[in-house]
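A.B. asks: The following block contains the structure, expressed as structure tokens.
The values are calculated or read from the model by the stated rules, or taken from the named source; none is laboratory data. Small disclaimer: the values here were computed from a predicted structure and weren't measured. Cβ placement follows ideal geometry from the backbone for every residue including glycine, while neighbour counts extend to all protein chains displayed.
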Amino acid sequence: MQKITAKDFTGQTAWEALDIERIEGATVRLHWTDAPYKWHINDGPEVFVVLEGEVDMHLRKEGREQVWRLRPGDIFHAEDGDEHVAHPDGPARVLVIEKEGSV
């Protein structure tokens, strides 16, 4: 058993992760970041939970871009093929559950 206090985790670089568990081909990772990720399309579903900080999730659908502001407790669910990129507004800690090896 393990207790993880998200606010105690800080990475040395943006999007550094604390690997928590692998479950039948999926990973559960705690990320710390203070910089945007990169535009990507997952090859499977992704669950993105903001624990601390705020994150602007940019989405592209049919050539149009939207931005959703995610605050602590908000959950973003991307399905296979959804194009998106996360932009934190200052430091953020995020729990990400996705297919192992996903971008």
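A.B. asks: Would you confirm, using the coordinates I've provided, whether A17 is part of a loop (DSSP other than H, G, I, E, B) and modelled with pLDDT of 90 or more?
C.D. replies: no
A.B. asks: In the range 55-70, is there at least one residue being touching a Gly at 6+ places or on another chain (Cβ under 9 Å) and farther than 20 Å from L18 by Cβ?
C.D. replies: Scanning the range 55-70 turns up no residue that is touching a Gly at 6+ places or on another chain (Cβ under 9 Å) and farther than 20 Å from L18 by Cβ.
A.B. asks: Contact list please: Cβ distance under 7 Å, first residue in the range 1-27 and touching a residue at least 24 places away in the same chain (Cβ under 8 Å) and surrounded by fewer than 14 Cβ atoms within 10 Å (Cβ to Cβ), second residue assigned to a strand (DSSP E or B) and aliphatic (A, V, I, L, M), pairs at least six apart or on different chains.
C.D. replies: The qualifying pairs are I4/I20; I4/L30.
A.B. asks: Report, by residue number, each residue of the range 75-98 that is surrounded by 15 or more Cβ atoms within 10 Å (Cβ to Cβ) and more than 20 Å from T13 (Cβ to Cβ).
C.D. replies: F76, A78, D82, H84, I97
A.B. asks: Continuing with this model, one more query. Can you go through G81, G90, G44 and tell me which one is at pLDDT 95 or above and part of a loop (DSSP other than H, G, I, E, B)?
C.D. replies: Answer to the selection: G90.
A.B. asks: In addition: Given the criterion under 16 Å from I97 (Cβ atoms) and at pLDDT 90 or above, identify the matching residue among T27, T10.
C.D. replies: T27
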